[in-house]
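Accompanying notes for the structure given below.
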Amino acid sequence: MDSVARPFDPRLLRQVPSTRRDVVLLGVLGAAVAITVVTAAAALARALAAAVELRLDPAAITGFLLALTARAALTSGLGVVAARMAATVKASLRADLLGAVGRRGPGWLAGQRAGELATLTGRGLDALDGYFTGYLPQLVLGVTVPVGVLAMLAFADLASAVIVLVTLPLIPIFGILVGWQTRIATERQWRRLSMLGGHFLDMLSGLPTLKAFGRARAQVTAVREMADRHREATMRTLRIAFLSALVLELVGTISVALVAVPVGLRLLGGGMTLTAAFTVLLLTPEAYAPLRAAGTKFHASMEGLTALDQAFTLLAAAGGGSAGGTRTAPRGGVIELRGVTVAYERTTALRDVDLTIRPGERIALVGPSGGGKSTLLDLLLGFTTPTAGRILVDGVDLAELDLDGWRRQLGWVPQRAHLFADTLAANIALGTPDAPRERIAQAARAAALGPVVDALPQGLDTVLGERGHGLSSGERQRLALARAFLRDAPLLLLDEPTARLDAASEQAVVSSTLSLVEGRTALLVAHRPALLAAATRVVRIDQGTLHELVTA
Amino acid sequence: MSGIGEAAVRGMRRDSVMRRVLAFAYPLRWRFVGAGLLAAGTEAAGLGLMAAATWLLATAAGQPPLIALSIAIVLVRALAIGRGVLRYVERLASHDAVLRMVTEVRARIFAALVDRPPARRADALSRMVSDVDAVQDLVIRVLLPMAAAGLVAVAAVGTALLADPAVALVLLAGLLVTGVALPLLAARLARHGSARLAPLRAAYAVDTVDLVHGAADLAAFGARPEYEARGAAHADELARVERALARRSFAVDAAATAFGGVTAMAVMITAMSRGLPGVWLAVLAVATLAAGELALSLLAAARKGAEIQGSLRRVAELLGEPAPAASGGLPVPDGSVHLRLRGAGVRYRADAPPALHDIDLDLPPGRRVAVVGPSGAGKSTLLALLTGAITPDSGRVTAGPAPAQPTVPGAPRSGAGGEPDPPTADADGTGADGTPIAAFDRERWPAAVTGLLADAHLFHASVRDNLLLARPAATDDELVAACRTAGLGDWVDAHGLDVRVGEDGAELSGGQRQRLALARAVLADPQVLLLDEPTEGLDPAQADAVLAAVLAHRGDRSVVLVTHRLTGLDAFDEVVVLDGGRVKERGTQGWVRAHGG
């Protein structure tokens, strides 16, 4: 929370170096705005003083309008730079976050993290707009404008400058003090408040359950009563919370009175020119305005700062070496696992495993779920690296190989393939986007997907919904097989291709799997006897250890 | 462009959206009038402070006797303090009024949702909660600033009119540009901007899902660079559009500021040419500038108004539904209800395949049916048809009294084979199809059919409150007995019934959460008990034990079980395999064994 409450996160400059230039630009523009604020006020003061004497001062009026226009343009420029910064930071953080996924590999994305990352990258970062375009420019002006105003005031009327100088710090000080008081007061009510506030969402989320037990209508009154108690509790907090706004407002307006009245009295005594007096009056509120604006926008920008903090935390967690080396992968050699152990935080997935896969062998992996079968496939895919031991491909350590090149030799059929929001053809041709149309259709037919494609009005050009919405799990699995057919890779890794399928789909998938593995090296996780028939060896994995069952 | 078409529809309906939402403000109108006057008073005090201070200085320069300034001095001090105090009171008054309004809106939306089919996605729910908050924004951040600025502008023009009509006219023209034309332009730009950004953001969200959830597939097939490039192209396009929109929006801000200065000088020069006294020339110029700044706040209000348009429309849609009628319908048959699905189909979206297609199912009293299949096969939809949460888009879901002969209560499980084929069963049964279940009293239907459903929710309340939902009159002994059946007995003995379970059961373990939901279903004790993956999150041994205990508790009353596990299904009369919304297979008791599950 403390790191979030800072008005500017210095990690930003490190993570997105291009923002350094923008920060400098913001400073320069902020200084320029301060100059135009002072110039406009001085010119207007002259024009007003002339008008009081019923004189028209065209030079002063033109000067004022020019300075005001420049000020408006520069302030907008400040906003545009801030908006550009927001857009750049978002695009850059998005690329970094998604790049981290690519660098660290799918293994890094276990469970919760995937959802959090997708939400943060997608919509979460949009909350930065409020911070950058609303708060940051005011923060810059909150530094430059008071400096400019004070310099001019010191020149026009030292006494007024002193009043402003003394009262100006009251804004941040009172802001912090009242904010602190509010927090103490609200913390007492926080549990109660958040309970009440969450109640509506709780009731909405539970509506199906209420309906299932015939209790929904009875709850309408409860919702109204709860909302009313929420209002009372909220108002008790707001009475204190709005005090901060009251103080910020009062400091600004009372300073105007504090400055205007003595200046008026000095004018009365003839100790001051009217131009100087007007300059002081017009400039005084300008000194407080940006700090007040920043204060009112700080809470609205908290969400953006939280998203930023979340992004940096994720990126820091993603630091560390990328997987894989640079050596070109040898083709079609023997693959050896030597004393491989894979340990996670709480469990050991594989324990000191030795396995030799010779070209042309089809090894079936059997055993209870959670025994380590999928981990073995993940190792060969490079998604997981051994905690101990080595994997050798034709005598070369897998860790030294260029992973992309190595993976080009693999055909993978996962338990549940991800389907992309794209056409059926593009989903089959994953990784080989320029595959000829005929070969894609061939692969689809080989995977028993032909009838499915024919039944669709747009055939292979049918666009699948998000995450493959619209395909049954059997069709999904056949699409994954079609990918492997098109890939035409020498080593196949199949992870229970027939799990969770009904009998009809299973038959289709089994027969196309059998034709797929024909003549290739394959590792297949399998339960069904039909698939085991295709294996040359059967290996049982249980609690992380390996037992050879049959050697053909 | 679909954006334009959508905008036209929105424009057409904006009136009725506002009418429906603001109808909730009507009973509180005096509070809102008061808040509006206080807001106007606040702004007027700010404007008056600068005007009075200017008058003070301009007059003092003529070196009159001090007494001539005393009123102005008092006024300056009073306005300086008054503005802050007024602002404070105004904010409290307006928030109190709007929270009262939101209370009613919430209650009404909840009531409207009671009669709606359930929303399936959690994010739709939290969106609904933030949509209701848009009502608050509409009042506090759009309507009140507009009302305040409008009142102050009218007062300012009126005051100028007293001085000179020509001056008033110039002021009015200036305020119309900065306070009306530019805010309208800003709102238009904001609407146009979100119409352009929304599809880009949606496309990018899909890219993100593909890159994150499809990370393994992309890595294995070396397709990551291609998809990363696609995502980056969308992100860059998004950034480009955002920058372009920001430039336009800030240009409007700059125009408003500059035009405010032009108006002030025009007012001053006009007043001079009309021969007004020198002191008043300065006061008018400064007051006009202050009024121009007030108009700047209207730009923010206009943008906010455009931003919350979508939320308000969704709220208004719900508010527009007729108030839910008092519960009614046929009395629910007690004792032995016979449910039938006949060619039932459900289609959630017109452009997607049906969630269920042509399903037949016969549930005479005492029958136990297990429904298996992969996720997304339509299992939970099938249960929703039986609870009446959704009505079939084709076919019929009916309930009738039990037929006289076909099944003998007490011995349903002895007849292996039975009648697996519902149409046959029906043909030799009563022949009558029964009554569509939608015709029964919805509030009382759960007495006939309910259970543990896929979206079972635990409320942020005590264990007791969560259980009592199912049977408000249950005694503590009955509650504990239900917990014991669901395998939660030891836990309840240790912790009691008054423990709070946290948000949706967050303070329980996954297994405890599931068992508590199951205990609630057991406690409800309907004629037909539905169980949607009742043992999810329990390890296999516990799962079998808990399921056996619940089935034993049910005795010879009906159970419909949805599961992906194939163990323990021997106790069921029929197993139905669903995939892609269709019945792939169905069989009687021996089915599981024959399929080597």
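Report, ordered by the first and then the second residue, all pairs with beta carbons closer than 7 Å, sequence separation of six or more or different chains, a first member in the range A:409-425 that is of a type in the set (A, V, I, L, M), and a second member that is part of a strand (DSSP E or B).
A:LEU410/A:LEU491; A:LEU410/A:LEU493; A:VAL413/A:LEU494; A:VAL413/A:ASP495
So which residues in the range B:260-272 are facing chain A (nearest Cβ under 9 Å) and either under 46 Å from the mean Cα position of the chain (by Cα) or in contact (Cβ under 8 Å) with a residue 12 or more places away in the chain (or both), if there are any at all?
Taking the range B:260-272 and keeping what is facing chain A (nearest Cβ under 9 Å), we get B:260-262, B:264-265, B:268-269, B:271-272.
Once the filter is applied, which keeps residues that are facing chain A (nearest Cβ under 9 Å) and either under 46 Å from the mean Cα position of the chain (by Cα) or in contact (Cβ under 8 Å) with a residue 12 or more places away in the chain (or both), the range B:260-272 yields B:GLY260, B:GLY261, B:VAL262, B:ALA264, B:MET265, B:MET268, B:ALA271.
When you look at B:VAL114, is it under 15 Å from B:ALA35 (Cβ atoms), within 9 Å of chain A (Cβ to nearest Cβ) and at pLDDT below 95, yes or no?
no
Is it true that A:PHE278 is within 23 Å of A:LEU168 (Cβ to Cβ) and assigned by TED's automatic domain parsing to the domain that holds A:GLY99?
no
For the range A:449-478, which residues satisfy the criterion of being within 11 Å of chain B (Cβ to nearest Cβ) and either modelled with pLDDT of 85 or more or over 21 Å from B:ARG347 (Cα atoms) (or both)?
Correct list: A:GLN477 only.
Every residue in the range B:523-546 that is touching a strand residue (DSSP E or B) at 6+ places or on another chain (Cβ under 8 Å) and among the hydrophobic types (A, V, I, L, M, F, W, C), please.
B:ALA524, B:VAL528, B:LEU529, B:LEU530, B:LEU531
Assess whether B:ARG340 counts as being over 30 Å from B:MET50 (Cβ atoms) and at pLDDT 90 or above.
yes
Could you tell me whether A:LEU54 is at the interface with chain B (Cβ under 7 Å from one of its Cβ atoms), of a type outside the set (Asp, Glu), over 19 Å from the mean Cα position of the chain (by Cα) and surrounded by fewer than 19 Cβ atoms within 10 Å (Cβ to Cβ)?
yes
Which pairs turn up if I take residues in the range B:504-519 that are more than 14 Å from B:SER462 (Cα to Cα) and modelled with pLDDT under 90 and look for partners that are of a type in the set (Ser, Thr, Tyr) and assigned to a helix (DSSP H, G or I) with beta carbon separation below 6 Å, at least 6 apart in sequence or on another chain?
Listed pairs, sorted by first residue: none to list.
Within the range A:298-312, does at least one residue satisfy the condition of being at pLDDT below 80 and closer than 30 Å to A:ASP488 by Cα?
No: zero hits.
Out of (1) at the interface with chain B (Cβ under 7 Å from one of its Cβ atoms); (2) farther than 30 Å from A:GLY142 by Cα; (3) modelled with pLDDT of 85 or more, what's the single condition that is false for A:THR253?
Single failed check for A:THR253: (2).
So which residues in the range A:375-415 are surrounded by fewer than 22 Cβ atoms within 10 Å (Cβ to Cβ) and of a type in the set (Gly, Ala, Ser), if there are any at all?
A:ALA388, A:GLY389, A:GLY395, A:ALA399, A:GLY405
Can you tell me how many residues in the range A:371-399 are within 32 Å of the chain's Cα centre (by Cα) and assigned to a helix (DSSP H, G or I)?
Of the residues in the range A:371-399, 9 are within 32 Å of the chain's Cα centre (by Cα) and assigned to a helix (DSSP H, G or I).
Return a yes/no flag: does the range A:81-99 have any residue that is outside any helix (DSSP H, G or I), small (Gly, Ala, Ser) and under 30 Å from A:PHE383 (Cβ atoms).
No: the range A:81-99 contains no residue that is outside any helix (DSSP H, G or I), small (Gly, Ala, Ser) and under 30 Å from A:PHE383 (Cβ atoms).
What's the total number of residues in the range B:460-487 that are more than 18 Å from A:MET203 (Cβ to Cβ), touching a Lys or Arg at 6+ places or on another chain (Cβ under 6 Å) and of a type in the set (A, V, I, L, M, F, W, C)?
1
Say whether the condition of being in a loop (DSSP other than H, G, I, E, B) and either within 44 Å of the chain's Cα centre (by Cα) or within 11 Å of chain B (Cβ to nearest Cβ) (or both) is met by at least one residue in the range A:18-41.
Within the range A:18-41, none of the residues are in a loop (DSSP other than H, G, I, E, B) and either within 44 Å of the chain's Cα centre (by Cα) or within 11 Å of chain B (Cβ to nearest Cβ) (or both).
I need the full set of residues from the range A:61-99 which are over 30 Å from B:THR263 (Cα atoms), at the interface with chain B (Cβ under 9 Å from one of its Cβ atoms) and among the β-branched types (Val, Ile, Thr), in order please.
Scanning the range A:61-99 gives a single hit, A:THR88.
List pairs: first in the range A:260-280 and more than 7 Å from every other protein chain (Cβ to nearest Cβ), second charged (D, E, K, R), Cβ under 9 Å, 6+ apart or cross-chain?
Pairs that qualify, where the first residue is more than 7 Å from every other protein chain (Cβ to nearest Cβ) and the partner is charged (D, E, K, R), are A:ARG266/A:ASP157; A:MET272/A:ASP157; A:MET272/A:ARG266; A:THR275/A:ARG46; A:ALA276/A:ASP157; A:THR279/A:ARG46; A:THR279/A:ASP157; A:VAL280/A:ASP157.
List the number of the failed condition for B:ALA112; all other conditions in (1) over 30 Å from A:THR273 (Cβ atoms); (2) among the hydrophobic types (A, V, I, L, M, F, W, C); (3) out of contact with any Gly (no Cβ under 9 Å at 6 or more places or on another chain) hold.
With (1) over 30 Å from A:THR273 (Cβ atoms); (2) among the hydrophobic types (A, V, I, L, M, F, W, C); (3) out of contact with any Gly (no Cβ under 9 Å at 6 or more places or on another chain) applied to B:ALA112, the lone miss is (3).
Of everything in the range B:273-307, what is more than 8 Å from every other protein chain (Cβ to nearest Cβ), in a helix (DSSP H, G or I) and of a type in the set (Gly, Ala, Ser)? Give them in sequence order.
Result: B:SER273, B:ALA287, B:ALA290, B:ALA291, B:GLY292, B:ALA295, B:SER297, B:ALA300, B:ALA301, B:ALA302, B:GLY305, B:ALA306.
Return yes or no: is B:GLY179 in contact with a Leu (Cβ under 7 Å, 6 or more places away or on another chain), modelled with pLDDT of 90 or more and small (Gly, Ala, Ser)?
Taking the combined requirement at face value, the residue satisfies it.
Checking A:ALA156 against (1) surrounded by fewer than 18 Cβ atoms within 10 Å (Cβ to Cβ); (2) touching a helix residue (DSSP H, G or I) at 6+ places or on another chain (Cβ under 7 Å), which single condition isn't satisfied?
Among (1) surrounded by fewer than 18 Cβ atoms within 10 Å (Cβ to Cβ); (2) touching a helix residue (DSSP H, G or I) at 6+ places or on another chain (Cβ under 7 Å), A:ALA156 violates only (1).
A:GLY142 versus (1) closer than 29 Å to B:LYS304 by Cβ; (2) in contact with a Pro (Cβ under 7 Å, 6 or more places away or on another chain); (3) not assigned by TED's automatic domain parsing to the domain that holds A:LYS297: which is the lone unmet condition?
(3)
In the range B:222-239, how many are over 17 Å from B:ALA202 (Cβ atoms) and more than 8 Å from every other protein chain (Cβ to nearest Cβ)?
Selection size over the range B:222-239: 2.
For the range A:479-494, enumerate the residues that are among the charged types (D, E, K, R), within 21 Å of A:PRO359 (Cβ to Cβ) and either buried (at least 23 other Cβ atoms within 10 Å of the Cβ) or at pLDDT 90 or above (or both). Spell out the reasoning first.
In the first step, residues of the range A:479-494 are kept if they are among the charged types (D, E, K, R); the result is A:483, A:487-488.
Then drop every residue that is not within 21 Å of A:PRO359 (Cβ to Cβ), which leaves A:487-488.
Listed by number, the list holds a single entry, A:ARG487.
Within the range B:125-143, is there a residue that is more than 30 Å from A:THR209 (Cβ to Cβ), at pLDDT 90 or above, at the interface with chain A (Cβ under 7 Å from one of its Cβ atoms) and part of a helix (DSSP H, G or I)?
No.
The values are calculated or read from the model by the stated rules, or taken from the named source; none is laboratory data. Just so it is clear, the structure is predicted and the values come from calculations on it, not from any experiment. Positions of Cβ are generated from backbone atoms using ideal geometry, with glycine treated the same way; all protein chains shown enter the neighbour counts.
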